[in-house]
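Notes to accompany the following structure.
Nothing in this text is a laboratory measurement; each read-out follows from the coordinates by a stated rule. Keep in mind the model is a prediction, meaning the values are calculated, not measured. Cβ: placed from backbone, ideal geometry, glycine included. Neighbour counts: every protein chain shown.
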Amino acid sequence: MVIRPFLYPDAPVGRRLGIKSLVILFSSTIRHHFPHIFTHKKEPTPPMSKVNPAKFVREVRQEMEKVTWPTRRETMVSTGMVLALVAVAATFFVFVDWVISTLVRIVLGIG
């Protein structure tokens, strides 16, 4: 592989490069064109707080009080809609499967 000077100005012209040289040139090109990938500094993670089981349970209860739970009627309606859509999807796929299998039988002359 011949490296062109306008792509890699530091590379010697006309010299065949091995895999190691290509990897070095490619990685330096990536670093040149995308420096933000290599210069990103990780922010230090804050120290973990002490675990207090009683405080955890209190916070869970507080969060559970904020949740708006569906009524029994809303749950039944949602369940009915899911079951109906599953039935429609199953019927659709059975029909599509039947059409495709009929076409394959006709094309192959099996049936």
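Across region 75-88, computed HN-Hα scalar couplings (Karplus, 6.51 cos²θ - 1.76 cosθ + 1.60, θ = phi - 60°) run 5, 5, 5, 4, 5, x, 5, 4, 4, 5, 5, 5, 5, 5 Hz from first to last residue, x flagging Gly and Pro. A simple rule links phi to the HN-Hα coupling: the Karplus curve 6.51 cos²θ - 1.76 cosθ + 1.60 with θ = phi - 60°, which for region 92-101 gives 4, 5, 5, 5, 4, 4, 5, 4, 5, 5 Hz, with x for Gly and Pro. For region 36-106, applying the loop criterion from DSSP together with a ceiling of 14 other beta carbons within 10 Å to the GluC sites (Glu not before Pro) yields no site.
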